[in-house]
Amino acid sequence: MGQYEAVIDLFSHFLNGYGHENLSPREAARFDKYYAATGAAHREFVQLFGPDRIVENLGGFLGSFLTHKVIAGAEFKRSAGTVTKKLCKWLVAKGHIGEEESAEGISRGADAARDLPKAERAARILFEAEAGNPQDFEDLEEEDYLDFDHFTIARIEPGMLWLRGGGKKGLIGPVGVPAEATRLLQEEWELSCSLGRVRGQWHLVEMANVYPM
């Protein structure tokens, strides 16, 4: 129960901090008015908007927020997916949201419960591999270095990744990584990292996070 409460408290914190980003101009004006008010007139996002705003914000909460903004282990991330899935079931049972919206939220929660722990373990493996790489990445030529960015996984083979992004056309790869990581990763997930090429082989130079959603 404590874990459930922690997830809901964190989701409320997320909504208060980021929920206004999805508002229409008219709604945003209303939010700004009450958020800027002082004393008893002040209102947070969750005090102004109802359960119809929950599902549309689940992607941001279960995606970049839990991965990038929150220091949490795999078990908490799994619980976040489970709790939000059950929340959507409760909301439709109580008539607060429709069946279609609930199904979307349940699907997001199930995906998060499955994928977020895998992404967290993969990120740790890749970070440790990058930290222990003996390659010298100093003085790389411009075409052999791709600065820190988000790269999308286009193809996976055991111990190798092919990526898209970083301002480079076409596929980047193969990027050598531990085979244990490739067993966890999936195509279309994103890595936040920088890359360097030494003697024709791409490597992780800096590694931060894996984003499954």
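When each of Ala119, Ala123, Ala103, Ala113 is tested for being more than 23 Å from Leu10 (Cβ to Cβ) and either small (Gly, Ala, Ser) or in contact with an Asp or Glu (Cβ under 6 Å, 6 or more places away or on another chain) (or both), the lone residue that passes is Ala103. Checking segment 123-136 against the condition returns a match, with at least one residue being of a type in the set (Lys, Arg) and under 27 Å from Gly176 (Cβ atoms). Annotation note: of Leu87, Leu62, Leu23, Leu66, the sole residue that is assigned by TED's automatic domain parsing to the domain that holds Arg124 and surrounded by fewer than 19 Cβ atoms within 10 Å (Cβ to Cβ) is Leu23. Taking Phe151, is it under 18 Å from the mean Cα position of the chain (by Cα) and either at negative phi or not charged (D, E, K, R) (or both)? Taking the combined requirement at face value, the residue satisfies it. Evaluating Pro51 against the criteria (1) modelled with pLDDT under 90; (2) touching a Leu at 6+ places or on another chain (Cβ under 7 Å) leaves one unmet condition, (1).
Just name the residue that is nearest to Val83 (Cα to Cα) out of those in segment 1-35 that are small (Gly, Ala, Ser) and in a helix (DSSP H, G or I). Explain how you work it out, then say what you get.
Step one: list which residues in segment 1-35 are small (Gly, Ala, Ser), which gives 2, 6, 12, 17, 19, 24, 28-29.
Those left that are additionally in a helix (DSSP H, G or I): 2, 6, 12, 17, 19, 28-29.
Values: Gly2: 12, Ala6: 10, Ser12: 13, Gly17: 20, Gly19: 19, Ala28: 28, Ala29: 32 Å.
For segment 1-35, the residue satisfying everything is Ala6.
Looking at Ala110, Ala129, Ala208, Ala181, can you tell me which residue is modelled with pLDDT under 95, within 23 Å of Gly63 (Cβ to Cβ) and outside any strand (DSSP E or B)? Within the list Ala110, Ala129, Ala208, Ala181, the selection yields Ala110.
When segment 60-74 is examined, which residues are found to be farther than 14 Å from Ala123 by Cα, assigned to a helix (DSSP H, G or I) and more than 8 Å from the chain's Cα centre (by Cα)? Result: Lys69, single match.
The values are calculated or read from the model by the stated rules, or taken from the named source; none is laboratory data. The structure displayed is predicted, hence computed values, not measured ones. Glycine gets a Cβ as well: all are built from the backbone with ideal geometry, and neighbour counts include every protein chain shown.
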